[in-house]
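The values are calculated or read from the model by the stated rules, or taken from the named source; none is laboratory data. The structure displayed is predicted, hence computed values, not measured ones. So basically every Cβ, Gly included, is an ideal-geometry build from the backbone, and we count neighbours across all protein chains shown. Calculation scope for accessible area: heavy atoms of the full protein, side chains included, ligands and nucleic acids excluded. Shrake-Rupley method; radii C 1.70, N 1.55, O 1.52, S 1.80 Å.
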Amino acid sequence: MFEIIDYLKARYLSEKAQGIVEYALILAFVTIIAAALINAGGLQENIKAVITKVTGLLGKAQGAQ
């Protein structure tokens, strides 16, 4: 009886830890991919250009009021 309980404890406790590790690995992978896209793809310049354009448009809209 105790063997079954010990087996079930070990099985379910290890699965919880495995899930946490899997989520951490997925998060790390997504972070690395996002950083690579921002730095290598010229995406950073495009984002800056969009922010600059939106800021300019907002400035014009405030000046018109």
Cα axis of helix 2-40 to longest principal axis of the chain: angle in degrees, 0 to 90, nearest 10? 20 degrees
Taking N as the number of residues in the chain, what is its Cα Rg relative to 2.2 N^0.38 Å? 2.32
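Kindly state, to the nearest 0.05, the FRET efficiency for Gln18 paired with Asn46, given R0 = 35 Å and r defined as their beta-carbon distance. Kindly include the intermediate steps, with their values, before the conclusion.
On the way: r = 39 Å, r/R0 = 1.11.
So the FRET efficiency works out to roughly 0.35.
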Mean residue ellipticity (222 nm) of the chain, computed from DSSP H runs ≥ 4 via -39,500 (n - 2.57), nearest 500: -34000 deg cm²/dmol
Keeping all protein chains in place and using 1.4 angstrom, which order do Tyr23, Tyr7 fall into by accessible surface area, from largest down? Tyr23, Tyr7
